[in-house]
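Take a look at the structure below.
Read-outs throughout are calculated quantities, based only on the coordinates presented, and are distinct from any laboratory measurement. Small disclaimer: the values here were computed from a predicted structure and weren't measured. Counting neighbours? That spans all protein chains shown, and the Cβs are built from the backbone with ideal geometry, glycine included.
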Amino acid sequence: MSFLVVNALRGALNFYAILIFVYVLLSLFPLSGTLAEIYYTLGTVTEPYLSIFRRFIPPIGRMDISPVVGYFVIQAIIQMLGRI
């Protein structure tokens with residue numbers, strides 16, 4: 001794989017990981033107005049990926065750990081791409 005393609009893919013994955021982090025962070029607070037719109041937009045972008053992990057990982061009490069697992073999977077892929 002070309003160096004430019006690998007770096008572009010790593011950058012896109014890093015950006016997606018940041019989106020997941022912000023989505024989870026916003027879920028901790030009551031939202032209204034613009035922040036609520038940002039939260040719902042991030043949900044439409046991140047939920048398809050996170051739903052994969054929700055199928056296999058049940059919530060622990062009221063805590064959903066699928067975003068944490070999804071984040072670490074992205075980081076593992078980024079690390080693998082760094083070795084190419």
Placing each pseudo-label 7 Å from Cα in the direction of the beta carbon, Ile84 and Thr44 end up separated by a distance in nanometres of 3.0 nm
If the label point sits 7 Å along Cα→Cβ of Asn14, residues of the range 58-81 with amide N under 12 Å come out as 78-79
Options (1) 14.7, 39; (2) 14.5, 45; (3) 15.1, 48 for Rg and Dmax of the Cα atoms in Å; the value derived from the coordinates is listed as (2)
Percent relative contact order for the chain, counting Cα pairs under 8 Å at least six residues apart, stands at 42 percent
